[in-house]
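Undergrad: Below you will find the structure I want to go over with you.
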Protein chains: 2
Amino acid sequence: MTKNLTPMIQSCVMHFGEMGSRWGINRTVGQMYALIVLNKEPLCADDIAEALGFSRSNVSMGIKELLSWELIKLQHLPGERREFYSAPGDVWDIAKTLIEQRRKREIDPTLSTLRNLLIEVPANTEEEYAQQRMREMHELIEMLTLWTSEIQRLDSAKLGKLLKLGSSIGKVLDLKDKLLNR
Amino acid sequence: MTKNLTPMIQSCVMHFGEMGSRWGINRTVGQMYALIVLNKEPLCADDIAEALGFSRSNVSMGIKELLSWELIKLQHLPGERREFYSAPGDVWDIAKTLIEQRRKREIDPTLSTLRNLLIEVPANTEEEYAQQRMREMHELIEMLTLWTSEIQRLDSAKLGKLLKLGSSIGKVLDLKDKLLNR
DNA sequence: CTGTAATTTCAGTAAATACTGAAATTACAG
DNA sequence: CTGTAATTTCAGTATTTACTGAAATTACAG
């Protein structure tokens, strides 16, 4: 059973579990991650199992998944035999990892599938039309990916400045528009 | 569409079904949408059921979902009693709708949850730390949303120009950097 | 090595989600 | 209206996905 979680942290953990499950991430893994992120000190598997009331083996599988996404890192605490896990201290690093992993797992295979279908010779008018849409999709995804990768290059400090820009952020893009309209 | 799917279209439909299911969208709904997008002419429910081998009722539910996401629109064809459905002709319109709907369904509730937790008074050091992370998350999400909404304002034509910019797209952001470093 | 604590694996089960067919409802031509 | 085609609903079932406990494996202190 859940032990030791304050209502505040509980709420946040539950919310991210819920959101995770809408994004193809197992609810319990989402909860585990929120817990780790919200905790200053690294947690061990038993801490997580106890705090969330999951079986030890479920936690083990969740950790394995989070490690495979590179969202947490393993560390050993002095004088502790057990393994501890923690999330990056900077939320922007977390977001960048998420974006990067999603790209590798979903975007790249999609682009590859589309490319393979685009080199085929259309057999009829319908395939010609379908290919045209695929071409547009491919271009769009490629472009959005390019943009995203540029933004990912920003470090937290730069991002902080951007943040301060606030609602005037549109100006950056207006500027770009001017660039485009030359 | 009373005939079978060509391998090309079949592959694309299957791929997007697969991808959809990774993004919290039911596989069959993903397939249905790919089919509609790739087809020049609007399709009726029976077309879809036949092309994909789903039950008529499953198609009905899928259509309901796609309509609720505003990803397809209903239309009547002259001399046809049945209802037909089609996707926007412009893939960027589709992407914008997806982004917008995701924002409404997931981002906004998340921001709201975070805000509610942030106005609470932290009960101890741990909650203080947790709130700090929540604050950072809130700021980051808000900023990314702002950026996204600016980009969403672009129409297809502008996007086309951006596309032509290709890999030199980084320059737009370099420019922004200069702006920030003043 | 040996013994024990920590972790992982995995077969079985529980839970959630998706899908179907039959029945109900709605839409509309005559 | 009436009859029929089209669509939706929904209870039941199938499928997929998640979770657990027991057993196996690994890690390491002594």
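The values are calculated or read from the model by the stated rules, or taken from the named source; none is laboratory data. Predicted model, so just to flag it, every value in this text is computed and none were measured. Neighbour counts are summed over all protein chains in view; Cβ atoms, including those assigned to glycine, are modelled from backbone coordinates with ideal geometry. When the accessible area is computed, the model is the full protein with side chains, heavy atoms only, and any ligands, DNA or RNA have been set aside. Shrake-Rupley method; radii C 1.70, N 1.55, O 1.52, S 1.80 Å.
Undergrad: Could you pull out the pairs from B:Lys64/B:Lys158; A:Lys64/A:Lys161; A:Lys96/B:Lys73; B:Lys73/B:Lys104; B:Lys64/B:Lys161; A:Lys96/B:Lys104 whose alpha carbons sit more than 29 Å apart here?
TA: Violating the 29 Å limit, Cα to Cα: B:Lys64/B:Lys158; A:Lys64/A:Lys161; A:Lys96/B:Lys73; B:Lys64/B:Lys161.
Undergrad: Ok, one more. Is segment B:68-115 rounded, prolate or oblate when judged by the Cα gyration tensor, a ≥ b ≥ c being the square roots of its eigenvalues, rounded requiring a/c under 1.5 and prolate requiring a/b larger than b/c?
TA: Verdict is oblate for segment B:68-115.
Undergrad: Let me ask you something else. What does the charge dipole of the protein assembly as shown about its Cα centre add up to, to the nearest 20 debye, if the Cβ of each Lys and Arg holds +1 and the Cβ of each Asp and Glu holds -1?
TA: 740 debye
Undergrad: Turning to a different aspect of this structure: Would you calculate a helix-derived [θ] at 222 nm for chain A, using -39,500 (n - 2.57) for each DSSP H run of n ≥ 4 and dividing by the full residue count, to the nearest 500?
TA: -21500 deg cm²/dmol
Undergrad: Rg and Dmax in Å for the protein assembly as shown, alpha carbons only: what are they?
TA: For the protein assembly as shown, the Cα radius of gyration and maximum Cα-Cα distance read 23.1, 80 Å.
Undergrad: Compare the peptides B:82-90, A:79-87 by average per-residue count of other Cβ atoms within 10 angstrom and give them in order, highest first.
TA: B:82-90, A:79-87
Undergrad: Enumerate the amide H contacts of B:Cys44 below 5 Å, restricted to partners 5 or more residues apart or on another chain; note that Pro and chain-start residues carry no placed amide H.
TA: B:Tyr85
Undergrad: Could you tell me what a quarter of the Cα convex hull surface of chain A works out to, in nm² with one decimal place?
TA: Taking the Cα atoms of chain A, their convex hull projects to 15.9 nm² on average.
Undergrad: Follow-up question, since we're still on this one. I need the helices of chain B that pass two filters: whole DSSP H segments spanning 30 Å or more by Cα along the axis, and mean Kyte-Doolittle score no lower than 1.6.
TA: none
Undergrad: When a/c reaches 1.5 or more, the comparison of a/b and b/c decides; with that in mind, is segment A:46-90 rounded, prolate or oblate per its Cα gyration tensor?
TA: Oblate shape, in that a/c is at least 1.5 and b/c is the bigger or equal ratio.
Undergrad: Also, I was wondering about something else. Per residue of A:127-134, count partner chain C-beta atoms within 10 Å of its C-beta, then hand back the mean as an integer.
TA: Mean partner shielding for this stretch: 6.
Undergrad: Right, next: Kindly compute the accessible surface that chains A and B hide from a 1.4 Å probe when together, both sides summed, and give it to the nearest 100 Å².
TA: 6700 Å²
Undergrad: Next question, about the same structure. Quick one: compute the contact order of chain B, relative version, from alpha carbon pairs under 8 angstrom and 6+ residues apart, as a percent.
TA: 13 percent
Undergrad: Right, something else. Over segment B:91-172, what percent of the accessible surface lies on carbon and sulfur atoms, probe 1.4 Å?
TA: 55 percent
Undergrad: Can you compute the FRET efficiency between A:Glu80 and B:Glu139 using 1/(1 + (r/R0)^6), with r the Cβ-Cβ distance and R0 = 25 Å? Round to the nearest 0.05.
TA: E between A:Glu80 and B:Glu139, to the nearest 0.05, is 0.15.
Undergrad: Which whole-number value in Å² is the accessible area per residue of the protein assembly as shown, probe 1.4 Å?
TA: Per residue, the protein assembly as shown has an accessible area of 52 Å².
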